[in-house]
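Before any comments, here is the structure.
The values are calculated or read from the model by the stated rules, or taken from the named source; none is laboratory data. Values in this document were obtained by computation on a predicted structure and should not be read as measured data. Quick reminder, even Gly has a Cβ in these numbers, built from the backbone with ideal geometry, and neighbours come from all protein chains shown. For the accessible areas, the whole protein counts, side chains as well, though only heavy atoms, and no ligand, DNA or RNA atoms are used. Shrake-Rupley method; radii C 1.70, N 1.55, O 1.52, S 1.80 Å.
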Amino acid sequence: MSAGDTVLLATLFLVVGALYGSVGHAGASGYLAAMALFGIAPESMRPVALSVNVAVAAIAFASYATAGHFSWRFFLPFAIASVPAAFLGGSLSLPADWLRAAIGASLAVAAVRMAWTILAGKRGTGATREASVTVRLVVGGAIGLAAGVTGTGGGIFLSPLVLLCGWADPRRTAATASLFILVNSIAGLGGLAVSGWSPTAGLVPLVIAASLGGLVGSTLGSRRATPRTLNLLLAVVLAVAAVKLITGGVAAIAGQSSAAGEDRVLPDRRVELHPLDERRNRRDSLGPVPRSDLARERDLADRDPAPRVHRLDRADPVSG
């Protein structure tokens, strides 16, 4: 990627970090969308998104926690189940086309989440009722696995669920999601490291840009609502990237399946040849033979009419 593209991508990371940090998120889905628009390979997108997530989620958590919106009692059941699941998800190595479709699906979820935030407005600020510990453990494990596989921190899955179910108010949800994203991102990176991934120098400008954006966004977001127009624009960007990834991945998978059907190895087949035909084939490859040999072949064919079996090579095309 050229220096100009790196600067533009870092600028997008700064904007995404500010927008997501304002609601306690680290922005992995937004970073994935930006990288998809630049045509970065899906297998390279996960580690970059998770690495940036760690920095931005830490800043967002510090902002919301110092503002008094965090509860360890509410958070721990989610984290206990999600961390090992995210580590497992991060260690899984999916084919590039399947990974592209999975990331696209996660972006589609993020777009729906952003659209729901806009349409819901300030709903959910009333009375809340916490889910049981068992429910939070199950939810945390499922979201952690999805987060590790898709290269996100899981906040885009957790926050709308918590708010829709009325388990916490928006600011406590944001505080919980920020630390949830942080621990899952670290676990997901651990799974990738076990699989052989290591950080590169190209991550530095992206982490710095996103961190600056996250600092500004989380500081403002912990005290005021997320701007409606910016959330709508972000939802549109996520939706466009999701459609691009899903359609591209599905088309590639369908193409591979079709090609595999055409190129499959044909089963072993046997073709029966008359001895005279077999000798003629051998004669054609060696050149002309005396007329007396031809007479001898006809005589042998009359005495031994039983056909012989000639084994064709497995790679020889045989019409059915």
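Some points to look at:
- Number of the exception - Leu32 against (1) under 24 Å from the mean Cα position of the chain (by Cα); (2) farther than 15 Å from Leu203 by Cα: (2)
- Qualifying residue in the stretch 35-51 (condition: surrounded by fewer than 20 Cβ atoms within 10 Å (Cβ to Cβ) and of a type in the set (Phe, Trp, Tyr)): yes
- When Ala26 is tested against the conditions (1) part of a helix (DSSP H, G or I); (2) small (Gly, Ala, Ser); (3) open to solvent by less than 40 Å² (accessible area, probe 1.4 Å), the lone failure is (1).
- Lone qualifier among Arg136, Arg172, Arg129 - being over 19 Å from the mean Cα position of the chain (by Cα) and not in a helix (DSSP H, G or I): Arg129
- The single condition from (1) open to solvent by 20 Å² or more (accessible area, probe 1.4 Å); (2) modelled with pLDDT of 85 or more that Val236 fails is (2).
- Any hit, the stretch 57-67, residues being in contact (Cβ under 8 Å) with a residue 12 or more places away in the chain, under 19 Å from Gly190 (Cα atoms) and not in a loop (DSSP other than H, G, I, E, B): yes
- The set of residues in the stretch 134-167 being crowded, with 24+ Cβ neighbours inside 10 Å, small (Gly, Ala, Ser) and within 22 Å of Glu43 (Cβ to Cβ) consists of Gly144, Ala147, Gly148, Gly151, Gly153, Gly154.
This table checks each residue for (1) at pLDDT below 90; (2) under 27 Å from Asp5 (Cβ atoms); (3) crowded, with 24+ Cβ neighbours inside 10 Å.
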| position | (1), (2), (3) |
| --- | --- |
| Pro170 | yes, no, no |
| Thr176 | no, no, yes |
| Ile181 | no, yes, yes |
| Ala187 | yes, no, yes |
| Ser198 | yes, yes, no |
| Gly202 | yes, yes, no |
| Pro205 | no, yes, no |
| Leu215 | no, yes, no |
| Thr219 | yes, no, no |
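- Where a residue in the stretch 4-21 is over 16 Å from Ala174 (Cα atoms) and its partner, wherever it lies, is open to solvent by 10 Å² or more (accessible area, probe 1.4 Å) and not in a helix (DSSP H, G or I), with Cβ under 7 Å and at least six apart: Asp5/Phe38; Leu9/Phe38
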